[in-house]
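Encoded as structure tokens, the structure appears first; notes follow it.
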Amino acid sequence: MKKILLVDDNEQDRMLYKRYLKAQPGEELMELHEAASGEAALELFVDLQPDCVLLDHSLQDTDGLTLLEELKQLAPDNSLCAIMITGSGSERLAVRALNSGALDYLMKQHFDRELLQKTVRHAIEKNEWRQYQASYHQQLQAANQQLARTNADLDNFVYAASHDLRQPVNNLRGLFEEIRRSATFADPADAQLLPFMDKAIRALSTTIDDLATVVQENRQPTAQAAEPVALADLADDVLTVLHPQVVATEATISLNFNDLPEVPYVRSNLRTILLNLVANALKYRHPERPPQVALRTYRAAGQPVLEVQDNGLGINLAHHREELFQLFRRFHPQAAEGTGVGLFLVNRLVQAQEGHIDVESEEGQGTLFRVFLGGK
């Protein structure tokens with residue numbers, strides 16, 4: 001049963017409202033309460049916490065707009081359901097009432113039973129929906145805050161664990177090198193285990209380093225300043241780092257930054273993006289041909305775009321598109337060593353700047369990464 005508070009200093013008007021709001025067969029009953037003054041209305045409002053207030057604008061001890069503000073102070077935020085009623089029609093007054101928090105506005109002598117009932121029920125439903133939305137958003141905000149704390153705790157744990165594991169792995173590497181240098185084996189076949197042990201230690205060390213890199217990127221301040229980044233200089237820096245791989249694979253690297261020679265971006269992030277994409281192009285090359293890697297920049301729909309295209313092994317996107325940027329996901333483990341962190345990190349950095357990555361690929365033919373760098 002909904003509780004309605006009728007605030008009007010005219011007894012005849014209150015009687016009319018009660019008659020109009022009296023439930024007919026099949027209708028929900030309303031519990032009606034009356035107040036003939038603003039002071040009485042405030043007292044009853046505190047005691048009753050009504051579902052809706054019918055509020056006359058002209059009262060002997062106050063006016064409706066003032067009382068409306070006082071009722072809002074007594075109610076939880078965005079929970080007051082009030083309908084202003086006035087004997088003199090004024091569009092200005094109606095606007096002021098609605099801006100002050102009234103959910104609707106009625107003129108005396110201009111509504112009947114049906115209109116009053118509909119107005120009251122609609123105002124109650126609107127207020128209930130508003131409170132549901134507020135409660136839902138509060139719950140969602142609390143859930144998001146809890147998720148953020150959980151993610152932060154997880155990142156801190158992974159970072160601490162990877163940091164703490166580095167020294168034991170380095171010790172293990174040192175012990176292994178000492179064994180390889182000084183150990184002798186009665187059975188020569190036992191010595192063949194050393195390369196497998198070496199590979200396992202390297203893989204463990206790389207995994208720990210990559211985990212630390214991913215978490216460290218997430219722990220960095222998000223408000224890093226963008227700066228104009230010259231693509232030619234950045235590419236020269238990346239290719240200097242990858243020079244041994246370029247020479248070893250006899251790769252051809254072509255650059256075309258004529259359409260967009262410079263982009264505003266966090267330089268360190270863009271360097272990481274380009275370094276990982278080019279390194280993957282060299283790592284997952286096709287065994288029957290030298291790598292050909294093309295770098296290009298341009299604008300599309302107002303966004304700067306970086307393309308990295310290769311002629312390597314390619315990816316079956318029909319089967320793997322959804323898992324393309326997942327952590328530790330590798331599509332050609334037989335082709336080269338790796339942990340599957342690179343693309344995950346690239347995608348994370350791009351999304352942090354409100355960008356996205358489109359991928360075109362065909363197995364055996366190569367892959368095109370089209371990086372929309374975003375406008376953040």
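The values are calculated or read from the model by the stated rules, or taken from the named source; none is laboratory data. Computed from a predicted model, the values in this text were never measured in an experiment. Reconstructed Cβ throughout: ideal geometry from the backbone, glycine too, with neighbour counts over all protein chains shown. With ligands, DNA and RNA removed, areas are computed over all heavy atoms of the protein, side chains included. Shrake-Rupley method; radii C 1.70, N 1.55, O 1.52, S 1.80 Å.
Per-residue surface analysis assigns HIS122 an accessible area of about 110 Å², computed on protein heavy atoms at 1.4 Å probe radius. Working note: Karplus 6.51/-1.76/1.60 with θ = phi - 60° gives the stretch 275-281 the couplings 4, 5, 5, 6, 4, 5, 4 Hz, where Gly and Pro are set to x.
For the set GLU31, GLU43, the ranking by accessible area, highest first and with no ligand, DNA or RNA atoms included, is GLU43, GLU31 under a 1.4 Å probe.
State the volume of the convex hull built on the alpha-carbon positions of the chain, expressed per residue in Å³ and rounded to an integer.
Values: hull volume 98.1 nm³, N = 376.
Hull volume normalised by residue count: 261 Å³.
Model label points for ALA23 and LYS118, set 7 angstrom from Cα along the Cα-to-Cβ axis, are 2.2 nm apart. Across the stretch 287-292, coupling constants 3J(HN,Hα) worked out from phi with the 6.51/-1.76/1.60 Karplus curve, θ = phi - 60°, read x, 9, 7, x, x, 10 Hz, and Gly and Pro carry x. Seen against the Cα atoms of the chain and their longest principal axis, helix 342-352 is set at about 30 degrees.
Net charge near SER254, counting Lys/Arg +1 and Asp/Glu -1 over other residues with Cβ under 13 Å of its Cβ? Charge balance in the 13 Å sphere: -1.
Summing charges over all other residues whose Cβ lies under 12 Å from the Cβ of LEU68, with Lys and Arg as +1 and Asp and Glu as -1, gives -2.
Suppose only helical runs count, i.e. DSSP H with n ≥ 4. What mean residue ellipticity at 222 nm does that imply for the chain under -39500 (n - 2.57) per run, divided by all residues and rounded to the nearest 500 deg cm²/dmol?
On the way: 12 runs with 193 residues, N = 376.
About -17000 deg cm²/dmol.
Remark on LEU59: its backbone amide H falls under 5 Å from those of GLY64, a criterion applied only to residues 5 or more positions apart or on other chains, H modelled at 1.01 Å from N.
Cα-Cα over 20 Å: which of LYS22/LYS118; LYS3/LYS108; LYS2/LYS118? Among LYS22/LYS118; LYS3/LYS108; LYS2/LYS118, the Cα-Cα distance tops 20 Å for LYS3/LYS108. Counting only protein heavy atoms and using a 1.4 Å probe, the accessible area of ILE208 comes to about 10 Å². Set the Förster radius R0 to 25 Å, insert the Cβ-Cβ distance between LEU48 and GLN145 as r into 1/(1 + (r/R0)^6), and round the FRET efficiency to 0.05. That pair, LEU48 with GLN145, gives E of 0.10. Compared with the dominant principal axis of the Cα atoms in the chain, helix 231-241 is inclined by about 50°. Using Cβ point charges alone (K and R +1, D and E -1), the dipole size of the chain about the Cα centre works out to roughly 880 debye. Here's the list of lysines a cross-link from LYS199 could span, going by alpha-carbon distance under 19 Å and ignoring same-chain residues fewer than 8 apart: LYS283. Amide H to amide H distances under 5 Å link VAL229 with VAL263, TYR265, where only residues 5 or more positions off or on other chains count and H is placed in the peptide plane.
When MET107, MET1, MET197, MET30 are compared by accessible surface with a 1.4 Å probe, the order from highest to lowest is MET1, MET197, MET107, MET30. Here's how it looks for MET30: its modeled amide H is under 5 Å from those of ALA23, which are all 5 or more places away or on a different chain.
Quick one: helix 38-48 against the long Cα principal axis of the chain, what's the angle to the nearest 10°, folded into 0 to 90? Helix 38-48 sits roughly 50 degrees off the main axis of the chain. Karplus-derived 3J(HN,Hα) values for the stretch 106-120, using 6.51 cos²θ - 1.76 cosθ + 1.60 with θ = phi - 60°, are 10, 9, 4, 6, 10, 9, 10, 4, 4, 5, 5, 4, 5, 5, 5 Hz; glycine and proline are entered as x.
Using a 1.4 angstrom probe on the protein heavy atoms only, line up TYR105, TYR17, TYR132 by accessible area, largest first. Numbers along the way, then the final one.
Working: TYR105 40, TYR17 5, TYR132 125 Å².
Output order, biggest surface exposure first: TYR132, TYR105, TYR17.
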